[in-house]
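The values are calculated or read from the model by the stated rules, or taken from the named source; none is laboratory data. Just so it is clear, the structure is predicted and the values come from calculations on it, not from any experiment. Note that each Cβ is placed from the backbone with ideal geometry, even for glycine, and that neighbours are counted across all protein chains shown.
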Amino acid sequence: MARILALDYGKVRTGIAVTDELQIIASGLTTVETKDLLSFLQEYTEKEDVERFVVGLPKQMDNTDSESEVLIQDFLKKLKAKLPSIPVERQDERFTSKMAVQTMLDSGVKKKKRRDKALVDEISATLILQAYLNRF
């Protein structure tokens, strides 16, 4: 089987998580600057077999799209043009950032490390991927 890659897309940086080859475990991979995201994904998919991308779907509490969805739609067009053979699915990402911080607290991560927004983004991507995997 191939891996599933999840993205917590952000204007400045994007958290990335990936499954193992059996698609059982979601693990944080890295955080990259969003301006470098497409080239990172191109390089990664040349080295690893990726079955699909799962991109966070930011919704407001009233279920309307959040402001960042416009940016994500623009990115998705570029992603589909660059890697057309890899399908993209979306996963609700409400509360993932808050859950990421809580996970860090529960794990005993020191206060200085909890301020690392890149780590929060990577954990958020992992939560998005795990929620996606739990759907099946």
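Here are 59, 47: which of them is within 24 Å of residue 133 (Cα to Cα) and surrounded by 11 or more Cβ atoms within 10 Å (Cβ to Cβ)? Don't jump to the end; show me each part of the working.
Details: 47 fails: surrounded by 11 or more Cβ atoms within 10 Å (Cβ to Cβ).
Checking each option against the conditions leaves just 59.
Kindly indicate which of 54, 18 is within 16 Å of residue 84 (Cα to Cα), in contact (Cβ under 8 Å) with a residue 60 or more places away in the chain and buried (at least 17 other Cβ atoms within 10 Å of the Cβ).
Details: 18 fails: within 16 Å of residue 84 (Cα to Cα).
Unique residue meeting the criteria: 54.
Which of (1) on the phi < 0 side of the Ramachandran plot; (2) touching a strand residue (DSSP E or B) at 6+ places or on another chain (Cβ under 7 Å); (3) surrounded by 12 or more Cβ atoms within 10 Å (Cβ to Cβ) is the odd one out, the single condition residue 23 does not satisfy?
The single condition residue 23 does not satisfy is (1).
I need a count of the residues in region 116-136 that are among the polar types (S, T, N, Q) and more than 13 Å from residue 29 (Cβ to Cβ). I'd like the intermediate steps shown before the answer.
Going residue by residue through region 116-136, those that are among the polar types (S, T, N, Q) are 124, 126, 130, 134.
Filter again for more than 13 Å from residue 29 (Cβ to Cβ), leaving 130, 134.
Summing the residues that are among the polar types (S, T, N, Q) and more than 13 Å from residue 29 (Cβ to Cβ) in region 116-136 gives 2.
Considering only region 11-128, give the helices (runs of 4 or more DSSP H) lying wholly within it that have at least 1 residues that are of a type in the set (Asp, Glu) and at pLDDT below 80.
On the way: elements: 37-47, 69-82, 96-106, 111-114.
It comes to 96-106.
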